[in-house]
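Novice: Let me give you the structure first, and then I'll get to my questions.
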Amino acid sequence: MPVYHSLGSIPPKRHTQFRKPDGSLYAEELVSTEGFSSLYSLVYHAYPPTIVKTLGEPYCVEPKIAREKHLKHTSLIGFNIQPEDDYLQSRKPVLVNSDLHISLAAPRQSMVDYFYKNSQADEVVFIHEGTGTLKTGFGNIKFQYGDYLVIPRGTIYQMEFNGAANRLFIVESFSPIRPPKRYRNQYGQLMEHSPYCERDIKRPADLKTYDEHGDFKILIKKQGLIYPYIYGTHPFDFVGWDGFHYPWALSIHDFEPITGRLHQPPPVHQTFEGDNFVICSFVPRKFDYHPLSIPAPYNHSNVDSDEVLYYVDGDFMSRKSVVKGQMTLHPGGIPHGPHPGSVEKSIGKESTDELAVMIDPFRPLMLTEDAIRIEDENYYKSWQY
Ligand SMILES: [Fe+2]
């Protein structure tokens, strides 16, 4: 995140002696996602982050591809994903390619007896239902309905849920997740035309140092496998840190829509970007105010990208019979557009209360076995009169 932040105690100069009250040294660690060439933070641990006690057998969580190639408008009923107790087991990848994996999850329980680290992918966890706290060594972030949690790869974390009814929409990105470059000036500051600004960014707070020895299980994901590691010190033993690399959150409700006299194209909804895909937010807004405007979108055929919409709330004006948690995939190569009747219906309407997350990946998505299980098979015929 291009905003400097610091919590806890750090020495006045980097890479210098920083000692505990007993005279021993704290352990400095540089954490980053793109080597030494981009955003990073310096972390000061009570103990070195390298004390491995044992390493268990890895197990596979790779998505099982059911439909590698396809050219069919597809709809998935996301809330048909069944709740499961465990956070990691509850995550069901549904649409995947080499740039990102999109998963749905309905975890019932907090993570209490292990920690998790995705070593290869930044994670964006969109909170559709539920409240709780994202716990990390950098500090904690309280979350609620509508929050995008952005967790850079390599961040060890726990999800603490306040209740059992949780619905998550998760993107694993194999490139760093960032605010779009065109929203930022040459110094990284979000500019006046950006739909959100630094005040909207929730940063970690309440840093607590866990100075503890013991057996700490960290499940580390790499190349589709989960490696169970047992470390000898608590992973949240940060006494302080500073830099630009840390987990953060943005509420979809703080995304300020850009509107106009005529229909605005999808890029005005862009919220984040990764390599080869964008994440957009469709939020409640005033409709177009030209006297002859048509608020519903025109038919469109982006042959260079697939288009995924995840319906969060409200009445989605260009679709008929949409339910919460539904997900549509309109593949590049064939056009799609408003459902019959929705163009006329949109004329004269002043505003919409729709809330949705959209992802446009520039490489085709594959459907997994979990996706096929929740597919509405007749969706592709739904434009018939
Ligand atoms: Fe579209």
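The values are calculated or read from the model by the stated rules, or taken from the named source; none is laboratory data. What you are looking at is a predicted structure, and each value in this text was computed from that prediction instead of being measured. Using ideal geometry, Cβ is built from the backbone for each residue, glycine included, and neighbour counts are taken over all protein chains shown. For the accessible areas, the whole protein counts, side chains as well, though only heavy atoms, and no ligand, DNA or RNA atoms are used. Shrake-Rupley method; radii C 1.70, N 1.55, O 1.52, S 1.80 Å.
Novice: What 222 nm value per residue comes from the helices of the chain, counting each DSSP H run with n ≥ 4 as -39,500 (n - 2.57) and dividing by all residues, nearest 500 deg cm²/dmol? Spell out each step's value before the answer.
Specialist: Working: 3 runs with 14 residues, N = 385.
It lands at -500 deg cm²/dmol.
Novice: How much length is gained if the chain between ILE258 and LEU25 is pulled fully straight, taking 0.36 nm per residue apart and subtracting their Cα-Cα distance, in nm to one decimal? Don't jump to the answer; show the numbers that get you there.
Specialist: Values: separation 233, 0.36 × 233 = 83.88 nm, distance 5.11 nm.
Net length gain for the segment: 78.8 nm.
Novice: Grab the beta carbon distance between GLU129 and ASN302, set R0 = 41 Å, and tell me the FRET efficiency rounded to 0.05. Walk me through the numbers on the way to the answer.
Specialist: Details: r = 30 Å, r/R0 = 0.74.
Efficiency for this residue pair is about 0.85.
Novice: Once you list every other residue whose beta carbon is under 15 Å from the beta carbon of MET358, what net charge do they have if Lys and Arg are +1 and Asp and Glu are -1?
Specialist: Values: positive: ARG285, ARG319; negative: GLU273, ASP306, GLU307, ASP313, GLU354, ASP360.
Net charge in that neighbourhood comes out at -4.
Novice: Could I have the simple spin-label model distance between GLN82 and SER38, label points 7 Å from Cα toward Cβ, reported in nm to one decimal?
Specialist: Between GLN82 and SER38, the simple spin-label model gives 3.8 nm.
Novice: Work out, step by step, the length gained on full extension between LYS320 and ALA66: first 0.36 nm times the residue separation, then minus their alpha carbon distance; give nm to one decimal.
Specialist: Length gained, LYS320 through ALA66: 88.7 nm.
Novice: Then there's this: For region 28-82 and region 162-188, write down the distance between their C-alpha centroids in whole Å.
Specialist: Going from one Cα centre to the other spans 14 Å.
Novice: Shifting gears a bit: From the phi of every residue in region 205-220, what ³J(HN,Hα) in whole Hz does the Karplus formula 6.51 cos²θ - 1.76 cosθ + 1.60 yield, where θ is phi - 60° and glycine or proline is x?
Specialist: Rounded to whole hertz, the list is 9, 6, 5, 10, 8, 9, 8, 9, 9, x, 10, 10, 7, 10, 8, 10.
Novice: Let me ask you something else. Residues with beta-carbon under 14 Å from that of SER110, excluding SER110: net charge, scoring Lys, Arg +1 and Asp, Glu -1?
Specialist: Details: positive: ARG108, LYS135, LYS142; negative: GLU84, ASP85, ASP86, ASP113, GLU160.
Here the count lands on -2.
Novice: Here's something else I'd like to know. Highest mean first, what order results for 238-247, 213-222 on Cβ atoms within 10 Å? Present the calculation step by step, with values, prior to reporting the outcome.
Specialist: Values: 238-247: 21.9, 213-222: 16.0.
Going by the mean number of other Cβ atoms within 10 Å, highest first, we get 238-247, 213-222.
Novice: Oh, and also: Sticking with the crude label model, points 7 Å out along Cα→Cβ, report the distance from ILE294 to ASP376 in nm, one decimal please.
Specialist: Result: 2.3 nm between the two label points.
Novice: Would you mind checking the pairs LYS92/LYS202; LYS117/LYS222; LYS135/LYS202 and listing those with alpha carbons more than 18 angstrom apart?
Specialist: Values: LYS92/LYS202 27 Å; LYS117/LYS222 9 Å; LYS135/LYS202 13 Å.
Violating the 18 Å limit, Cα to Cα: LYS92/LYS202.
Novice: Please label the shape of region 54-110 as rounded, prolate or oblate, based on the square roots a ≥ b ≥ c of the eigenvalues of the alpha-carbon gyration tensor (a/c under 1.5 means rounded; beyond that, a/b larger than b/c means prolate, else oblate). All intermediate terms of the calculation are to be shown ahead of the outcome.
Specialist: Values: a/c = 2.99, a/b = 1.36, b/c = 2.20.
Taking the square roots of the gyration eigenvalues as a ≥ b ≥ c, region 54-110 is oblate.
Novice: Compute from the Cα atoms of the chain the Rg and the Dmax, the latter being the longest Cα-Cα distance, and quote both in angstrom.
Specialist: 22.0, 78
Novice: By the scheme Lys and Arg +1, Asp and Glu -1, what is the net charge of all other residues having a beta-carbon under 10 Å from that of GLN270? Could the numbers behind the result be given before it?
Specialist: Working: positive: ARG182; negative: GLU273, ASP360.
Charge balance in the 10 Å sphere: -1.
Novice: If you roll a 1.4 Å probe over the heavy atoms of the protein chains, what accessible area per residue do you get for region 253-380, in Å²? Spell out each step's value before the answer.
Specialist: Details: 5770 Å² over 128 residues.
Heavy-atom accessible area per residue stands at 45 Å².
Novice: Moving on to the next point. Could you check what % of the DSSP bridge pairs in the chain are antiparallel, to the nearest 5?
Specialist: On the way: 101 of 106 bridges.
About 95 percent, rounded to the nearest 5.
Novice: Of all DSSP beta bridges in region 77-176, what percent run antiparallel (nearest 5)?
Specialist: On the way: 33 of 34 bridges.
Taking every DSSP beta bridge within region 77-176, about 95 percent pair in antiparallel fashion.
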